[in-house]
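Okay, so here's the structure we're looking at.
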Amino acid sequence: MIDLDKPLGDTFPGDNFSGETLCRSLALTIKGVDEFVTDSGKPRPRLLFLGTPTGLVLNRTKEKALIAALGDVPRNWLGRKVVIEPGPEIMVGGVAKKSIKLIIVKDQT
């Protein structure tokens, strides 16, 4: 489990949403952050949400967006609202894959 008080910095410390399975926009509230080990063995932070057992593994772009909007201490992300929606196709290792767009809701009232 990731220490919620420790900044993530440049380190990438169930079921997960994927571009292949996400078919509509979802408004979600962050309830936690844990660590998910990818198939390549790399640990990455994963957002957990209220009301669903499905998480969102963060790539470097999504991690940087969260840090820019909410700060580098994951504890500060708890209770914040985000929207995930199907994104454009991207190339990953020479293969086109569907992506997920992460939108951090600015007005949290």
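Values computed for the structure shown
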{"item": "Out of VAL82, VAL33, sole residue that is in contact with a helix residue (DSSP H, G or I) (Cβ under 7 Å, 6 or more places away or on another chain) and of a type in the set (A, V, I, L, M)", "result": "VAL33"}
{"item": "Selection within the range 84-97 - of a type in the set (A, V, I, L, M, F, W, C) and in contact with a Ser or Thr (Cβ under 6 Å, 6 or more places away or on another chain)", "result": "ILE90"}
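Quick note: the coordinates plus some simple rules give every number you see, no bench work behind them. All figures in this text were calculated on a predicted structure; none of them were measured in a lab. Cβ atoms come from the backbone with ideal geometry, glycine included; neighbour counts cover every protein chain shown.
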